[in-house]
Amino acid sequence: MKLLLLSGGSGKRLWPLSNDINSKQFIRLLDDGEGAKQSMIERVFSQLSDMQLDRDAFILTNALQRDAIVYQIGTDANIITEPSRRDTFPAIVLGASYLNEQRVDPNETVLVMPVDAYVDLRFFEYFPQVDEAVQTSDDALHLIGVTPLHPTSKYGYIVPDEAAQVSSVRLFQEKPTVDVAEQLIEQGALWNCGIFACKLHLLLDELAERNLPTTYSELTTRYDDLEKTSFDYAVVEHAESVFVHRYDGDWKDLGTWNTLTEEMTSTTHGQVDLFESTNTHIINELNLPLIGIGLEDLVVAVNADGILVSTKEATPQLKDYLASSDDYPKFKWKRWGQSEVIHHETLADGHHSVTRRMLVQSGKELSYHYHEATDTIWTLLQGTATVTIDGQSFEAKPTDVISIQRGAAHTLKAHEDVVFIEVQYSNDWTLDDACPVPSPLDRQY
């Protein structure tokens, strides 16, 4: 069985900590059981590793999130990158084309799931049963439905034909009102947790019916020809043979602050002192003290991208208020470490100054590149590294100041964890004017 894990989305419901690059699955607020914090994707991959499923798991993502996945999961992660962001149907059939190009048997089971599902290990122990059911039916789709804990409008619903462990599906209902959800639950409806399984050829047939290539290398050149729609609308709700497997254990979508804070083991994160407050969580990622006094039913989240103060009840509507926000994310996970904008200023002469705090992990290195319109100064604060500028290499240590003129190709390789401050002086506000060049050490960009 192969797993296709969907990693995408803007994560606006967890603003300001989440954005297009640092989506909700990468936010480290969950307890790993050993006193450290982990993200949703790290938690899922730890569980997959426990079940020995991680080597057969493939992550479908976009180019913006690839570095974050490599940083948190490691360079051994199987990553399938979309040419552009086009919803779940194009992403899933693209994943199928990748498996096909890797010569996976067309009759092998493919199970698709979100990469940020919050479940216990028993949920993954359920997968072999689904795999076995798929193998007994050639053209059927098999879904997993969760027994509802209460009526809610946050999830879609699956109504089975009968109250059995495995049943054919009578109908689907997308995120109903609470009143309708109550009626559906009375009919035996299950929460739709966005997980389904089928044989690989069933996904490849969807491409063939649209006269599109069934291999990844070819499909990427025609990816925009695929309809931008969800897999549920394009395939599941029109399939002739659909079965749902009932799961009675814990399952939760931590997509909003009110649901995420329910799974936090502490009411505070970062430099926070909270007094005389009830049902309140404060998350502070700034290097500044934050004090909360006499608060009730609130979420306060603070980082370089902004400040959120909201009642927990209102947090599911947060995305609606950010619809017109296009601020550039100030924090980025990178394959080599982390980058955070800590100051930006438009100077009196019209130039722009951008200051970042950079962390490069031991043994990692920046891509060899230059900037067309930006002069750069690095000041090392921690660790030692080899710096290369226009093919000339030298060693750098804490307190060293390195000046890099625009047009000069440069890179840095960390001998140990390196922290440095980067100050850039640009003609205009361009955070992405980096241009790759071939490395003098024949490294691949």
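For the residue pairs K37/K332; K12/K252; K199/K252, the alpha carbons lie more than 20 Å apart in K199/K252. Helices in the chain, meaning DSSP H runs of at least 4 residues, each add -39500 (n - 2.57). Divided by all residues, the mean residue ellipticity at 222 nm is -5000 deg cm²/dmol.
Report the paramagnetic label zone for S241: residues of the stretch 179-217 whose backbone N is under 11 Å from a point 7 Å from Cα along the Cα-to-Cβ axis. Within reach of a label on S241: 199. Highest average first, the peptides 402-408, 29-35, 380-386 ordered by how many other beta carbon atoms sit within 10 Å of their residues are 380-386, 402-408, 29-35.
Computed over the chain with a Gaussian network model linking Cα atoms closer than 10 Å, the most mobile of Y321, Y98, Y368 is Y321.
Surface composition of the stretch 291-433: carbon and sulfur make up 51 percent of the accessible area, probe 1.4 Å. The packing ranking, built from the mean of other Cβ atoms within 10 Å per residue, places the peptides 182-195, 280-293 in the order 182-195, 280-293, highest first. Seen through its C-alpha gyration tensor, with square-root eigenvalues sorted a ≥ b ≥ c, the stretch 163-269 comes out oblate because a/c lies at 1.5 or above while a/b is not bigger than b/c. Per residue, the accessible area of the chain comes to 46 Å², computed with a 1.4 Å probe over protein heavy atoms only. Here the spin labels are modelled as points 7 Å beyond Cα on the Cα-Cβ line, and at Q187 and E296 they lie 4.0 nm apart. Sequence-ordered 3J(HN,Hα) estimates for the stretch 69-85 from the Karplus curve with 6.51, -1.76 and 1.60 and θ = phi - 60° stand at 5, 4, 5, 8, 9, x, 6, 7, 5, 7, 10, 10, 9, 6, x, 8, 8 Hz, glycine and proline given as x.
Seen from D349, the other residues with C-beta closer than 14 Å to its C-beta sum to a net charge of -3, counting Lys and Arg as +1 and Asp and Glu as -1. For the stretch 16-30, backbone phi angles converted through the Karplus equation (6.51, -1.76, 1.60; θ = phi - 60°) give residue-by-residue couplings of x, 6, 10, 7, 4, 9, 9, 5, 4, 5, 9, 6, 8, 10, 8 Hz, Gly and Pro being listed as x.
Surface composition of the stretch 139-244: carbon and sulfur make up 46 percent of the accessible area, probe 1.4 Å. For the cross-link pairs K330/K364; K2/K228; K334/K364, the ones whose C-alpha atoms lie over 19 Å apart are K330/K364; K2/K228. FRET efficiency for the L347 to F394 pair, using the beta carbon distance and R₀ = 25 Å, is estimated at 0.25.
The values are calculated or read from the model by the stated rules, or taken from the named source; none is laboratory data. Please read all numbers here as calculations on a predicted model, not as lab measurements. Quick reminder, even Gly has a Cβ in these numbers, built from the backbone with ideal geometry, and neighbours come from all protein chains shown. Accessible surface is based on the protein model in full, side chains and every heavy atom, while ligands, DNA and RNA are left aside. Shrake-Rupley method; radii C 1.70, N 1.55, O 1.52, S 1.80 Å.
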